[in-house]
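I have placed the structure first, in the form of structure tokens, so that the comments after it can refer back to it.
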Amino acid sequence: MKEIKLTIFYKELNSENELPASFQQLLKSAKEAINDSYAPYSNFNVGAAALLENGIIVKGSNQENASSPAGICAEGVTLSAVSAFHPNIPIVALAVSAKAKNSELSNPVAPCGLCRQAILEYDYRFQRNIQLILQGSSGKIIWIDDAKKLLPLYFGKDDIKASGSTNF
Ligand SMILES: [Zn+2]
């Protein structure tokens, strides 16, 4: 038996000015997308924006439902919009921002576990790392050069193949 230590590195920025211009625009788009959020139950409005390989930015926001599980995260809406309107174009980076109705969010918001899994399916599908830019409504920014860093040992297509299933 051996013990494995996992370490990740990411960048923490004090200002969006430290980002490349294309990522500054991407983060701005994620913040704009917050305005389209429908979150009457949590009052936690999230916006996301994906930068595609062809330079197009696709925005999405969280869409809640009276039946909570039917709600969709901003990242999920964005990924679905990419697939619906720009199929087969790889995602280069995804920015996420949020604001709460009654308080300033000074800490970055990160994708939930389900969304991390969904993001990595796009990584696998196009064999391309997806960068993440995360910020609250203000404050420091987290820049991760590979979304896989947020979900070590994630379950992927290769795991299904290893099971011997013939359905995939
Ligand atoms: Zn999520």
(request) Starting from residues that are within 13 Å of Leu26 (Cβ to Cβ) and out of contact with any helix residue (DSSP H, G or I) (no Cβ under 7 Å at 6 or more places or on another chain), keep the ones in the range 54-67 and report whichever is surrounded by the most Cβ atoms within 10 Å (Cβ to Cβ). (result) Ile56
(request) Among what's in the range 89-122 and is more than 16 Å from the ligand (Cβ to nearest atom) and closer than 18 Å to Leu52 by Cα, pick the residue that is surrounded by the most Cβ atoms within 10 Å (Cβ to Cβ). (result) Ala93
(message) Condition first: under 28 Å from Phe126 (Cα atoms) and of a type in the set (Ser, Thr, Tyr). Can you find one or more residues in the range 38-51 that meet it?
(response) no
(message) Just checking: which of the strands (runs of 3 or more DSSP E) contained wholly in the range 1-61 hold 1 or more residues that are among the charged types (D, E, K, R) and either touching a strand residue (DSSP E or B) at 6+ places or on another chain (Cβ under 7 Å) or at pLDDT 95 or above (or both)?
(response) 11-13, 57-61
(request) Go through the range 21-53 and count every residue that is touching a helix residue (DSSP H, G or I) at 6+ places or on another chain (Cβ under 9 Å), surrounded by fewer than 19 Cβ atoms within 10 Å (Cβ to Cβ) and closer than 16 Å to Gln135 by Cβ. (result) 2
(request) Only residues in the range 1-18 that are within 20 Å of Ser29 (Cα to Cα) count as the first member; pair them with residues that are loosely packed, with under 10 Cβ neighbours inside 10 Å, Cβ under 7 angstrom, at least 6 apart or cross-chain, and list the lot. (result) none
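The values are calculated or read from the model by the stated rules, or taken from the named source; none is laboratory data. Everything numeric here is computed off the predicted structure, so don't read it as measured data. Glycine also receives a Cβ, built like all others from the backbone with ideal geometry; neighbour counts cover every protein chain displayed.
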